Amino acid sequence: MNLISGHFIFFVLAVLLFYYAVPRKSQNVLLVAASYLFYFSISLWFPLILIVVTVVTWLIAMQLFLKRQHRKTFFILALVFNLAILVVFKVHHFFVPQILSRLDMFGWQDQTLGLHILIPVGMSFYILQAISFVVDCYQGRLASFPGLMDFSLYLAYFPKLTAGPIERPGSFLPKLLKARTVDNEKIAKAFALLLIGLVRKIVVADPLLAAVPAGLFQDPGAYTAVQLISMTLLFGLGLYFDFSGYTDIVRGISGFFGIELSPNFRWPLFSKGISDFWNRWHISLSHWLRDNIFYPLTRMFLKKNIRSDNWKAVFIPPVVTMALSGFWHGTRAHFLVWGLIMGLLLAVERLWRVKVNPVRRIVPGTLRNMGSIVFTMGLIFACSIPFMVPLAKIVPYMKGVSKLNGLHAANFRIFVFLVPGLLIDLIQFRANDELVFMKWHSSFQAAAIAFAVLAVLFMSQVYVPGAFLYQGF
Amino acid sequence: MISDTVVRKKLKSFILKEILRNPAYPMKPDEPLISGGLIDSFSVVQIAVFVEETFGIVIPDAELTVEDMDTLNQMVALVLNEKRS
């Protein structure tokens, strides 16, 4: 069931109807049932794996929570169990059919594996949440142990099941237990997020991604330098608006149920540094990696030498963390290379902060900020090429780019679809508020809503809404 | 029992000398250090390790957040709270 479909709208409306008809105590049970029904609509066997992960993790975590003996053994057992499942499916995987064709367009389909196992949609996301839960139990951070039904909902909650956000147990589980108030303000906020997400996805991302030639990354020699650069840029921006649109949509839907989901993006196109970018892009994954990999590793090295010029602490944690981020995205070599490059960039940026910071002293604020943004985004874009281009095609791709030809063949008109997306980001960024539109004068709000709704309706007729790319991870 | 003043003085001194590397910087108690871009994730862990070595208090990784450690005031409060608990 695609999130952008009549079936899904009908499904959400039906669940909402029952949700507000049943007593509060039964709402979580209803949401678990609805979430599994949603998952069954994607595949008959995906939910079976989720049930196994849920029950086994819950049982082991209960031992961690209740017992004082053998805690480390149970902790390792739970980690190995979850990581083993993730690794098995990551190594031997093929994407789900509806996403397969989309990713294949960009050469992301794995052609090298003998054992063809379909990776369950959402597994990469719910496994990380299961691990967070185990870590919290081990470190004694949970005030109370959740029942199996609440824990099931934590992993399976359908708005976030297929591509996050990756919620922390400490913040999400209490939301399942407390009373939920869904008033006019919350409904307005949910509608606003939903509409912004639909604009990001249907008006911006889909046209951008549709403009990228199917074989761009598989056969880069067939394209001119300007086509390669402009289309790769389009793909990168399309990926951003696709994923941020998804996040806004599911946060909006969840808002109707009175359950607030975490934001995943804070206007990454305005980042003023590499670490700043990773605090703005796919925040829930970045924070998971930071809390569970980067912090413990850095702490371990700094305990031996707390000084800022402890090179092991500066280099090893970010490189390991981002390499694992690469693995999380996929097991092919180009994802690993991308992760290593990003880790090195973070380390070099830290080194630069320690050793020199001349720009801060000599360049005026506004100019410095603009320069930082342009430099950061150029660097992030250039270093993300290995994320998009398979390793075997990197050399032909770079050769194609270095020719610096083909200005006449480029189609720059497609970039006009970026305008609404960039405008939304700019307005939100300047106000530091994703719902700044709700503070506008009512006449401006009405005009903006009417324009957005018409644009979404029109563009959904022009382009068939595609599957969300991040559901493929 | 350590006092607010001692914690504040030692933390401020460490941040200015080791992290900002500018002892003369006029850091205010409520100045946003993380969200203001003055310190990053690496420096946050440095502060956690410094607190552990100086005051014998372990700040869990989960509490090394902008919500809990953005300003000097917040860091002092976090240390004193952890000490009490």
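The values are calculated or read from the model by the stated rules, or taken from the named source; none is laboratory data. Given the structure is predicted, the values throughout are model-derived calculations rather than measurements. Heads up, the Cβs are rebuilt from the backbone with ideal geometry, glycines too, and the neighbour counts pull from every protein chain shown.
For A:Leu100, are the conditions met, namely being in contact with a strand residue (DSSP E or B) (Cβ under 8 Å, 6 or more places away or on another chain), at pLDDT below 90 and assigned to a helix (DSSP H, G or I)? Spell out the reasoning first.
Working: in contact with a strand residue (DSSP E or B) (Cβ under 8 Å, 6 or more places away or on another chain): yes; at pLDDT below 90: yes; assigned to a helix (DSSP H, G or I): yes.
Against the criterion (in contact with a strand residue (DSSP E or B) (Cβ under 8 Å, 6 or more places away or on another chain), at pLDDT below 90 and assigned to a helix (DSSP H, G or I)), A:Leu100 qualifies.
Take A:Trp328 and tell me if it is surrounded by fewer than 18 Cβ atoms within 10 Å (Cβ to Cβ) and more than 10 Å from chain B (Cβ to nearest Cβ).
No: the conditions fail for A:Trp328.
Across the stretch A:411-461, what is the number of residues that are among the basic types (Lys, Arg) and surrounded by 11 or more Cβ atoms within 10 Å (Cβ to Cβ)?
Our first condition is that a residue be among the basic types (Lys, Arg); within the stretch A:411-461, this holds for A:413, A:430, A:439.
Now restrict to residues that are surrounded by 11 or more Cβ atoms within 10 Å (Cβ to Cβ): A:430.
Count: 1.
With (1) crowded, with 18+ Cβ neighbours inside 10 Å; (2) more than 19 Å from B:Ile34 (Cα to Cα); (3) facing chain B (nearest Cβ under 10 Å) as the list, and A:Ser308 as the residue in question, which single condition is left unmet?
(2)
For (1) loosely packed, with under 15 Cβ neighbours inside 10 Å; (2) over 25 Å from A:Asp291 (Cα atoms); (3) more than 10 Å from every other protein chain (Cβ to nearest Cβ), each residue gets a yes or a no:
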{"site": "B:Thr5", "(1), (2), (3)": "yes, yes, yes"}
{"site": "B:Leu11", "(1), (2), (3)": "no, no, yes"}
{"site": "B:Ala24", "(1), (2), (3)": "yes, yes, yes"}
{"site": "B:Ile57", "(1), (2), (3)": "no, no, yes"}
{"site": "B:Val79", "(1), (2), (3)": "no, no, yes"}
{"site": "B:Lys83", "(1), (2), (3)": "yes, no, yes"}
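From the list A:Val135, A:Val121, which residue is of a type outside the set (D, E, K, R), more than 18 Å from A:Leu161 (Cα to Cα) and at pLDDT 65 or above? Working first, answer last.
On the way: A:Val121 fails: more than 18 Å from A:Leu161 (Cα to Cα).
After applying the criteria, what remains is A:Val135.
Go over the candidates A:Ile196, A:Ile166 one by one and state the one that is at pLDDT 95 or above, over 16 Å from the mean Cα position of the chain (by Cα) and either part of a helix (DSSP H, G or I) or not basic (Lys, Arg) (or both). Give the derivation first.
On the way: A:Ile166 fails: over 16 Å from the mean Cα position of the chain (by Cα).
Result of the check over A:Ile196, A:Ile166: A:Ile196.
The conditions are (1) part of a helix (DSSP H, G or I); (2) modelled with pLDDT under 95; (3) within 30 Å of A:Val462 (Cα to Cα), and A:Asn411 fails exactly one of them. Which is it?
So the condition that A:Asn411 fails would be (1).
Please determine, by comparing only the residues of the stretch B:35-55 that are of a type in the set (Phe, Trp, Tyr) and facing chain A (nearest Cβ under 8 Å), which one is nearest to the chain's Cα centre (by Cα). Outline the logic, then answer.
If we filter the stretch B:35-55 for residues that are of a type in the set (Phe, Trp, Tyr), which is where we start, we get B:42, B:50, B:55.
Right, trim to facing chain A (nearest Cβ under 8 Å) and you get B:42, B:50.
Working: B:Phe42: 13, B:Phe50: 9 Å.
In this case the residue turns out to be B:Phe50.
Based on what the data block shows, is A:Phe257 more than 9 Å from every other protein chain (Cβ to nearest Cβ) and surrounded by fewer than 22 Cβ atoms within 10 Å (Cβ to Cβ)?
Numbers: more than 9 Å from every other protein chain (Cβ to nearest Cβ): yes; surrounded by fewer than 22 Cβ atoms within 10 Å (Cβ to Cβ): no.
So A:Phe257 does not fit the description; no.
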